[in-house]
1. I need a count of the residues in the range 129-151 that are buried (at least 20 other Cβ atoms within 10 Å of the Cβ) and either at positive phi or over 15 Å from the mean Cα position of the chain (by Cα) (or both).
2. Of the conditions (1) touching a residue at least 40 places away in the same chain (Cβ under 8 Å); (2) in contact with a Ser or Thr (Cβ under 7 Å, 6 or more places away or on another chain); (3) acidic (Asp, Glu), Glu80 fails just one. Which one is it?
3. Could you say whether any residue in the range 91-108 is closer than 30 Å to Ala226 by Cβ and not basic (Lys, Arg)?
4. Can you find a residue in the range 68-77 that is within 16 Å of the ligand (Cβ to nearest atom) and either farther than 21 Å from Phe186 by Cβ or surrounded by 13 or more Cβ atoms within 10 Å (Cβ to Cβ) (or both)?
5. Of the numbered conditions (1) in contact with a strand residue (DSSP E or B) (Cβ under 8 Å, 6 or more places away or on another chain); (2) closer than 23 Å to Cys193 by Cβ; (3) not hydroxyl-bearing (Ser, Thr, Tyr), Pro127 fails exactly one; give the number of that condition.
6. Just wondering, is there one or more residues in the range 179-198 that are under 30 Å from Phe5 (Cβ atoms), of a type in the set (Lys, Arg) and either touching a residue at least 24 places away in the same chain (Cβ under 8 Å) or crowded, with 16+ Cβ neighbours inside 10 Å (or both)?
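No value in this document is a laboratory result; all are computed from the given coordinates. Small disclaimer: the values here were computed from a predicted structure and weren't measured. Backbone-built Cβ (ideal geometry, glycine too); neighbour counts: all protein chains shown.
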Amino acid sequence: MDNSFFLDAMSWSYSRISSFDQCPRMFDLIYLKCADCVDNAFAQWGSLGHSILERYFSQKADLWDLSQLYKREYTTAVTERFPYSRLEDSYYDRGLEYFESFSGKLADEKEILMVEDRYTAALSGVPVVGIVDLVVRNSSGLVICDHKSRGKWKSKDERRKYLRQLNLYSIYIHEKYGEWPKELWFNKFREGCIDREPFSEIEMQADIDWFMQSIDKIYKTKDFVARPDRFFCDHLCSVREDCEHSESFIGRH
Ligand code: SF4
């Protein structure tokens, strides 16, 4: 089937491309078949953390209220269940610990420039969308920061993949501020640490190439083959109710 009609109307983002990388069938179900998406507890917990950090950095919440906000909003924000009860407790406790001990500064930032900025842009004529969590300035220059709810990286490759998102944001940041960032940060709030990476124009160009080549590959894909991964399929995939590879399959498609 030729999907050009739908793909031509699409705005592209890192998360769209990485969903294709994770599983072509997931991309097809979400973006071409418009299947109903379902949430999961890990994503909801991450969204709650993001939301509280966003309110703090945009001065809509005070530092001393953050742990109370977390406690108050947890049950309405995290409505799905974690796969194991020990995870439920561990995630809740970790979030509370993070916000109770948060000093108000991530690292050595001196100025907050941008919070949760949704942008649209064009990259080689392709419409691109993104949401930048945070841009700050420290003594070395601009820093793009992404709040990450995940734990330790599984590998160097995994970390490198996530840096692609920040490198793509850097094009927008350069257009807006007229300078490249000096550093890329992951605020790993589950781990309670900042993972810093010096910005590299060479790596950014490699990531732009990856992005454009991935779009090309999606256009050429005729058969969006499933790439099952047991834990991801059963607990994380947002279209798991529509895919027979998940134990949550209920057979709508
Ligand atoms: S359940 Fe697994 S195989 Fe099916 S779409 Fe989701 S990620 Fe792909």
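1. Here the count works out to 4.
2. (2)
3. Checked the range 91-108: at least one residue is closer than 30 Å to Ala226 by Cβ and not basic (Lys, Arg).
4. For the range 68-77, residues within 16 Å of the ligand (Cβ to nearest atom) and either farther than 21 Å from Phe186 by Cβ or surrounded by 13 or more Cβ atoms within 10 Å (Cβ to Cβ) (or both): absent.
5. The failed condition is (2).
6. Step one: list which residues in the range 179-198 are under 30 Å from Phe5 (Cβ atoms), which gives none.
No, the range 179-198 contains no residue that is under 30 Å from Phe5 (Cβ atoms), of a type in the set (Lys, Arg) and either touching a residue at least 24 places away in the same chain (Cβ under 8 Å) or crowded, with 16+ Cβ neighbours inside 10 Å (or both).
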